[in-house]
Amino acid sequence: MDFGIGFCSKGMMADRIAIPIHNVEGEVVAYAGRFPGEPAEDTPKYKLPQGFRKSLELFNIDRAIKEPADKPLIIVEGFFGCMKLHQFGYRRVVALMGSTMSATQEALIREHTDRNGHVIIMFDEDEAGRVGRDEIAARLAKFVFVKIHVFEQEDQQPDKLSAEEAKGLFE
């Protein structure tokens, strides 16, 4: 797989799926550790290195910017939604690593999307996703065409899409 993820058995990411996070130049700046399955109540689903600020990066930006600029930039919340869409052939996709967009992330999106560009916001269909996508759409619509994808079912998210469902969304 293109993303270099793997199960980690040692160190701070022990017993987690390690997900490399690259900056815009393609350099690894951190690893996110995802607990496999559903964690116990006192265990966080994700672990990030101390001092790493996800608000300064866009997951997969290094790959997304290599794709043709006339294709829409798809923005999702999470790592696995990003990877799933990439796997289905939609390679101009980034994840905010959450349901909010920082000023730095907005600047990265603007820098790599021209005025004639097109952005699709595809967030999880839950309260945080709905609030986040509306706020982000309002900010990005000032400089680029924005489409919000609304899932029909509550709690649906990009990483749960089948290949056929994804194809139907973008064609």
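Values computed for the structure shown
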{"item": "Within a Gaussian network of the chain (alpha carbon springs, distance under 10 Å), most fluctuating of 53, 63, 34", "result": "53"}
{"item": "DSSP-defined antiparallel bridges as percent of all bridges, the chain, nearest 5", "result": "55 percent"}
{"item": "Total formal charge among the other residues, if their Cβ is under 14 angstrom from that of residue 35, Lys/Arg +1 and Asp/Glu -1", "result": "0"}
{"item": "Whole-percent pair-distance distribution, where bins are 10 Å wide, for the alpha carbons of the stretch 112-171", "result": "21, 47, 30, 2"}
{"item": "The chain, accessible area per residue, ligands and nucleic acids excluded (1.4 Å, Å²)", "result": "54 Å²"}
{"item": "Reduced Cα scattering model of the stretch 70-124, Debye log10 I(q)/I(0), q = 0.16, 0.25, 0.30 Å⁻¹", "result": "-0.44, -1.04, -1.29"}
{"item": "MRE, 222 nm, helices only [DSSP H, n ≥ 4, -39500 (n - 2.57), over the chain, to nearest 500]", "result": "-7000 deg cm²/dmol"}
{"item": "Debye, to nearest 20: dipole size of the chain, +1 on Lys, Arg Cβ, -1 on Asp, Glu Cβ", "result": "560 debye"}
{"item": "Viscosity 0.890 mPa s, temperature 25 °C, Stokes-Einstein D of the chain from Kirkwood C-alpha radius, µm²/s", "result": "149 µm²/s"}
{"item": "The stretch 114-171 - charge dipole about Cα centre, Lys and Arg +1 at Cβ, Asp and Glu -1, debye rounded to 20", "result": "520 debye"}
{"item": "Mean-position separation - Cα centroids, the stretch 1-41 and the stretch 65-99, in angstrom", "result": "18 Å"}
{"item": "Accessible surface of the chain, 1.4 Å probe, proportion on carbon and sulfur as whole %", "result": "50 percent"}
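The values are calculated or read from the model by the stated rules, or taken from the named source; none is laboratory data. Source: prediction; values computed, not measured. With ideal geometry, Cβ positions are generated from the backbone for all residues, glycine too; neighbour counts draw on all protein chains shown. Keep in mind that these areas ignore ligands, DNA and RNA; they rest on the heavy atoms of the full protein, side chains included. Shrake-Rupley method; radii C 1.70, N 1.55, O 1.52, S 1.80 Å.
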